[in-house]
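I have placed the structure first, in the form of structure tokens, so that the comments after it can refer back to it.
Read the figures in this text as sums done on the coordinates, not as results from a lab. Not measured: the values here are computed from a predicted model. Ideal geometry is used to build each Cβ from the backbone, glycine not excepted, and the neighbour counts take in all protein chains shown.
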Amino acid sequence: MADAILVLNAGSSSLKFSVFLDRRGEEPQLALRGQIEGILGTAMFSARDANGAVLAEHALGAAAPRGHGGAASFLLDWLEQRPEGLQLAAAGHRVVHGGREFSAPVRVSASVMAALEQLVPLAPLHQPHNLAAIRAVAARAPGLAQVACFDTAFHAAQPPLAQAFALPRRLTDAGLRRYGFHGLSYEFIEHLLPSVDARASAGRTVVAHLGNGASMCALAGGRSVASTMGFTALDGLPMGTRCGAIEPGVLLYLMDQEGMDARGLEQLLYHESGLLGVSGISSDMRALLASDDAHAAEAVDLFVYRIVRELGSLAAALGGLDALVFTAGIGENAPPVRARVCRAASWLGVELDEAANVRGGPRISREGSRASAWVLATNEELMIALHTRAVLSAPAAE
Ligand code: ADP
């Protein structure tokens, strides 16, 4: 029997999972990972081992229970039957919003769940699914310890100015402020940096998390001091289907002139904008880079332009730049995007090493470059496993 930590990341229609072996004194080690997609319809299950070999790939029969509850039950049954003899010690969850109350991971209890429910209006598209997964695991495995890890927590200690909107104080007091997201990814990079480069770890570093969701974060000595995402995961960079920063007057115009309501705006801003909206072709950077359509090129141009603009803003918040880190799907795998950002950042002291960039780094700046540039793979799941273990091994508060 091997002690294991189950890590769950619940989306609207999918449940992604990883299982880490938890051996004393060692970093948790990935044993297997996979997902259940289409959990509201015909669910597809797939799992791979740590080397990527397929362990399972099949549809869940029509009789299988639906929703997050059904998916969690199926997954826990499947894990119990694995020949590895995995003994789950805990489940760690990605939870998008911790609000002002949770600035660190927390063991789930009834009162914690009640507090997290209160935050649903702040992240209506994500938080309900995260909480559904916690409830589903609790129903199927009531004795299993569960830990909630928040995408907002890493940013909680940002200076008040970085968190404030210029709105009347009563609205700020009611929680309308910048929270920042992708915190588990930034925290993982911060955890990695000391072994990569002492100056990047101790100095003024901007991390660009460029995936389907995309944001950037300014780290001063490893602490988040500013980020491009704010009150919701819409702000900042254009993303796969999300608009990024948009002048608020545009929303007033759409409401007044096109009669759009909140749901219509939500659909437009979250699902029809960004790379997909500009290109009219795809939300997927691979497809856009491969296309010779002028609108695909425009979408990539806008993505790069906004990254470069935000980099200037974050460098201003830091008072300079010592290092720039690229991570997530696009950041880790798209040399042309990295090259264009780095070339445009030459005024900040970034000198691109073209060959190293094409090879994928990790260091992609030239020897002697005033600011260094890096490609580092993020691992939010491992960060959750580390937090889960730490929360459960800490002495109980009561
Ligand atoms: P998520 O935010 O869903 O976790 P990922 O971090 O997996 O997303 O990033 C997905 C994005 O990464 C997509 O736009 C995809 O096209 C892009 N991507 C993945 N591999 C490549 C590649 N080889 N070249 C360019 N873009 C890539």
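Treating the angle as unsigned and between 0 and 90°, give the value, to the nearest 10°, between the Cα long axis of helix 183-196 and the longest Cα principal axis of the chain.
Rounded to the nearest ten degrees, it is 70.
Specify whether the C-alpha gyration tensor of segment 239-352 places it in the rounded, prolate or oblate class, a ≥ b ≥ c being the square roots of the eigenvalues: rounded for a/c under 1.5, otherwise prolate if a/b is larger than b/c and oblate if not.
On the way: a/c = 2.65, a/b = 1.49, b/c = 1.78.
Oblate shape, in that a/c is at least 1.5 and b/c is the bigger or equal ratio.
Based on the alpha-carbon gyration tensor of segment 79-223 and its eigenvalue square roots a ≥ b ≥ c, which shape applies: rounded if a/c is under 1.5, prolate if not and a/b is larger than b/c, or oblate?
Oblate is the answer for segment 79-223, as a/c is 1.5 or above yet b/c matches or exceeds a/b.
Which FRET efficiency, nearest 0.05, do residue 313 and residue 104 yield, Cβ-Cβ r, R0 45 Å? Don't jump to the answer; show the numbers that get you there.
Details: r = 28 Å, r/R0 = 0.61.
Taking R0 as 45 Å, the efficiency between residue 313 and residue 104 is 0.95.
What value does segment 115-156 have for Rg/Rh, both radii from Cα atoms and Rh as Kirkwood defines it?
Dividing the radius of gyration by the Kirkwood radius yields 1.01.
First select every other residue whose beta carbon is under 11 angstrom from the beta carbon of residue 183; then total the charges, Lys and Arg +1, Asp and Glu -1.
Working: positive: 94; negative: 151, 187, 190, 380.
Summing Lys/Arg as +1 and Asp/Glu as -1 gives -3.
To the nearest 0.05, what FRET efficiency results for residue 272 and residue 23 with a Förster distance of 51 Å applied to their C-beta separation? Working shown, then result.
Values: r = 46 Å, r/R0 = 0.91.
After rounding to 0.05, the efficiency reads 0.65.
Which chymotrypsin sites (Phe, Trp or Tyr not before Pro) in segment 150-208 sit in a loop by DSSP (not H, G, I, E or B) and have at most 15 other Cβ atoms within 10 Å of their own Cβ?
Those satisfying the criteria are 165.
Can you compute 3J(HN,Hα) from phi for each residue in segment 156-165, using the Karplus curve 6.51 cos²θ - 1.76 cosθ + 1.60 with θ = phi - 60°, rounded to whole Hz and x for Gly and Pro?
Each residue of segment 156-165 in turn: 4, 9, 4, x, x, 4, 6, 9, 8, 9 Hz.
Starting from 0.36 nm per residue, how many nanometres of slack lie between residue 287 and residue 254 once their C-alpha separation is accounted for?
Going from the current span to full extension adds 8.9 nm.
Over the alpha-carbon set of segment 217-257, divide Rg by the Kirkwood Rh and report the Rg/Rh ratio to two decimals. Kindly include the intermediate steps, with their values, before the conclusion.
Values: Rg = 13.7 Å, Rh = 11.9 Å.
The Rg/Rh ratio comes out at 1.15.
Any chance you could give the angle, 0 to 90 degrees and rounded to 10, that helix 294-318 forms with the longest Cα principal axis of the chain?
Relative to the chain, helix 294-318 is tipped by roughly 90 degrees.
Among rounded, prolate and oblate, which fits segment 67-137 when a ≥ b ≥ c are the square roots of the eigenvalues of its C-alpha gyration tensor, a/c under 1.5 means rounded, and a/b larger than b/c means prolate? Walk me through the intermediate numbers first.
Values: a/c = 2.91, a/b = 1.88, b/c = 1.55.
The shape class here is prolate.
Would you mind counting up the charge near residue 152? Only other residues with Cβ under 14 Å from its Cβ, with Lys and Arg at +1 and Asp and Glu at -1.
After counting each charged neighbour, the total is -1.
What is the helix-to-structure angle for 335-344, meaning the angle in degrees between its Cα long axis and the longest Cα principal axis of the chain, kept from 0 to 90 and rounded to the nearest 10?
40
Please work out the Cα center distance from segment 174-247 to segment 308-386, rounded to the nearest Å.
For segment 174-247 versus segment 308-386, the Cα centre distance is 13 Å.
If you wrap a convex hull around the alpha carbons of segment 1-137, what volume per residue comes out, as a whole number of Å³?
For segment 1-137, the hull spanned by Cα atoms encloses 115 Å³ per residue.
For residue 326, what residues show an amide H to amide H distance below 5 Å, using hydrogens built from the backbone and excluding near sequence neighbours?
208, 374, 375, 376
Among 77-84, 381-388, what's the highest-first ranking by average C-beta atoms within 10 angstrom per residue? Please list the in-between numbers first.
Working: 77-84: 12.4, 381-388: 25.4.
Ranked from most to least packed, the peptides come out as 381-388, 77-84.
Quick one: which of 339-345, 256-262, 280-286 comes out on top by average Cβ neighbours within 10 Å, and what's the full order, highest first?
Result, highest mean first: 339-345, 280-286, 256-262.
Can you list the HN-Hα couplings for segment 231-246, worked out from phi with the Karplus curve (6.51, -1.76, 1.60; θ = phi - 60°), rounded to whole Hz and with x for Gly and Pro?
With the stated coefficients, segment 231-246 comes to 5, 10, 7, 9, 7, x, 6, x, 10, x, 10, 9, 6, x, 4, 9 Hz.
Under 5 Å between amide hydrogens, which residues at least 5 positions from residue 164 or on another chain qualify, with H placed 1.01 Å from N in the peptide plane?
When sequence neighbours closer than 5 places are left aside, the close amide H contacts are 178.
Normalise the Debye intensity by I(0) for segment 201-269, one equal point scatterer per Cα, no solvent, then take log10 at q = 0.14, 0.22, 0.23 Å⁻¹ and round to two decimals.
-0.52, -0.92, -0.97
May I have the extent of the alpha carbons of the chain along their three principal axes, as whole Å values ordered from largest to smallest?
56, 55, 49
Just to confirm the filter: which GluC sites (Glu not before Pro) across segment 1-65 are DSSP coil and have at most 12 other Cβ within 10 angstrom of their Cβ?
Passing both the DSSP loop test and the Cβ count: 26.
For residue 170 and residue 111, what does the FRET efficiency come to when R0 = 25 Å and r is the distance between their Cβ atoms, rounded to the nearest 0.05?
The value I calculate is 0.40.
Could you derive backbone 3J(HN,Hα) for segment 379-387 from the dihedral phi with the Karplus parameters 6.51, -1.76 and 1.60 (θ = phi - 60°), listing whole Hz in sequence and x where the residue is Gly or Pro?
3J(HN,Hα) across segment 379-387, in whole Hz: 8, 5, 5, 5, 4, 5, 4, 4, 5.
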